[in-house]
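Sharing a structure below in structure tokens format, with a few things to ask.
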Amino acid sequence: MEDVAKDLTSGTVGGVAQLICGHPFDTIKVKLQSQPAPHPGQPLKYSGAMDAVKQTFAAEGPKGFYKGMGAPLATVAAFNAVLFTVRGQMEALLRSQPGAPLTVNQQVVCGAGAGLAVSFLACPTELIKCRLQAQSVLAESGSGAVAVKYGGPMDVARQVLRSEGGAVGLFKGLVPTLAREIPGNAVTFGVYEALKQFLAGGQDTSGLGKGSLILAGGLAGASFWAGVYPTDVIKSVIQVDDYKNPKYNGSFDALRKILASEGVKGLYKGFGPAMVRSVPANAACFLAYEVMRSNLG
């Protein structure tokens, strides 16, 4: 139980650090992902990431970059507690003896298990976040995809529970969330461990300094998005899709329609901001986790 408590505390601190550093980039990513296809002869609302930054700042000011942060901030404790605690418990199961270091392959297994567990928290949280981040884009498009404005995270939750099938509505996009979190976290924790062992010159990584942890954490975070980004695009468009008049009939239909209308590049909308975000955000997360875990013994 003592190790569980340490992972709970350290994971929470790491998650808060990650969210503060990365949320503005995430907002731009979701806006690029969710902007609807323009009418024939008309340009996209955002020509790219920098254009999205300029328009967001001009229309909403600095606070526009932190829209939707309430939902993940409110649940970051539970999310990261589950992620790092499940990973820690799987590490304990896979160890040949207490305190023994794990191989990279074993960390991949631990990451996959942790990804499975957090998917059920990530899905409703991200649905709320994406609705708030994308509503201005969808409303301005005139597509009618958003019938009302949301007043905040709790308002999104209330409206979904009332008019989108109850609690089931909050889990819209669960399949692509699973397809993102399981392989994504498997790769992330595997790469993180591999880099730590490389920098330490062996399996004992306890002596690594903060600079090495920042480097390993940042690159591990980038590896997450490099491998699973198209599933995140599919998740986002499904979660912001209109409930009464849906454009997509599930993940595979979304994949087919995106490829048909935009080609492969449609699956990588917002990829730049996601990659730029992942390095500092995950560097902050892993560093905060490791430092807090070390301070707790």
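The values are calculated or read from the model by the stated rules, or taken from the named source; none is laboratory data. Given the structure is predicted, the values throughout are model-derived calculations rather than measurements. Heads up, the Cβs are rebuilt from the backbone with ideal geometry, glycines too, and the neighbour counts pull from every protein chain shown. The accessibility values were calculated without ligands, DNA or RNA, using every heavy atom of the protein model including side chains. Shrake-Rupley method; radii C 1.70, N 1.55, O 1.52, S 1.80 Å.
Between a first residue in the range 244-264 that is on the phi > 0 side of the Ramachandran plot and a second residue that is open to solvent by less than 30 Å² (accessible area, probe 1.4 Å) and at pLDDT 90 or above, which pairs have beta carbons less than 8 Å apart while being 6 or more apart in sequence or on different chains?
Gly250/Ile238
In addition: Residue check: is Arg277 among the charged types (D, E, K, R), closer than 25 Å to Phe84 by Cα and either buried (at least 18 other Cβ atoms within 10 Å of the Cβ) or without any contact (Cβ under 8 Å) to a residue 40 or more places away in the chain (or both)? Steps first, answer last, please.
On the way: among the charged types (D, E, K, R): yes; closer than 25 Å to Phe84 by Cα: yes; either buried (at least 18 other Cβ atoms within 10 Å of the Cβ) or without any contact (Cβ under 8 Å) to a residue 40 or more places away in the chain (or both): yes.
So Arg277 fits the description; yes.
Return the total of residues in the range 80-105 being of a type outside the set (A, V, I, L, M) and surrounded by fewer than 19 Cβ atoms within 10 Å (Cβ to Cβ).
The qualifying residues number 9.
Okay, next question. Of the residues that make up the range 158-167, is at least one outside any loop (DSSP other than H, G, I, E, B), within 19 Å of Ala114 (Cβ to Cβ) and open to solvent by 50 Å² or more (accessible area, probe 1.4 Å)?
Within the range 158-167, none of the residues are outside any loop (DSSP other than H, G, I, E, B), within 19 Å of Ala114 (Cβ to Cβ) and open to solvent by 50 Å² or more (accessible area, probe 1.4 Å).
Go through the residues of the range 201-209 one by one and say whether even a single one is touching a helix residue (DSSP H, G or I) at 6+ places or on another chain (Cβ under 8 Å) and in a helix (DSSP H, G or I).
no
Kindly indicate whether Ala216 is over 15 Å from the mean Cα position of the chain (by Cα) and at pLDDT 95 or above.
yes
Okay, moving on. Name the one entry in Pro183, Pro176 that is assigned to a helix (DSSP H, G or I), more than 30 Å from Pro101 (Cα to Cα) and under 14 Å from the mean Cα position of the chain (by Cα).
Pro176
Give me a count of the residues in the range 116-153 that are over 13 Å from the mean Cα position of the chain (by Cα) and modelled with pLDDT under 90.
23
The conditions are (1) buried (at least 20 other Cβ atoms within 10 Å of the Cβ); (2) more than 19 Å from Leu132 (Cβ to Cβ), and Met50 fails exactly one of them. Which is it?
Tallying (1) buried (at least 20 other Cβ atoms within 10 Å of the Cβ); (2) more than 19 Å from Leu132 (Cβ to Cβ), Met50 fails exactly one: (1).
Collect the residues in the range 249-265 that are within 21 Å of the chain's Cα centre (by Cα) and closer than 23 Å to Lys172 by Cα, keeping them in residue-number order.
Hits for the range 249-265 are Gly250, Ser251, Phe252, Ala254, Leu255, Ile258.
If you scan the range 261-273, which residues turn out to be in contact with a Leu (Cβ under 9 Å, 6 or more places away or on another chain) and either surrounded by fewer than 20 Cβ atoms within 10 Å (Cβ to Cβ) or modelled with pLDDT under 90 (or both)? Let's see the steps before the verdict.
The first filter runs over the range 261-273 and keeps only residues in contact with a Leu (Cβ under 9 Å, 6 or more places away or on another chain), leaving 266-267, 269-273.
Residues satisfying the conditions are Gly266, Leu267, Lys269, Gly270, Gly272, Pro273.
On to the next question. Kindly check whether there is at least one residue in the range 194-203 that is under 12 Å from Phe286 (Cβ atoms) and open to solvent by less than 30 Å² (accessible area, probe 1.4 Å). Before you say what the answer is, go through the steps one by one.
Initially, the range 194-203 is screened for residues under 12 Å from Phe286 (Cβ atoms), giving 195-196.
Now restrict to residues that are open to solvent by less than 30 Å² (accessible area, probe 1.4 Å): 196.
Within the range 194-203 (the criterion being under 12 Å from Phe286 (Cβ atoms) and open to solvent by less than 30 Å² (accessible area, probe 1.4 Å)), the answer is yes, since at least one residue qualifies.
Of the residues Gly61, Gly41, which is open to solvent by less than 40 Å² (accessible area, probe 1.4 Å) and without any contact (Cβ under 8 Å) to a residue 24 or more places away in the chain?
Gly61
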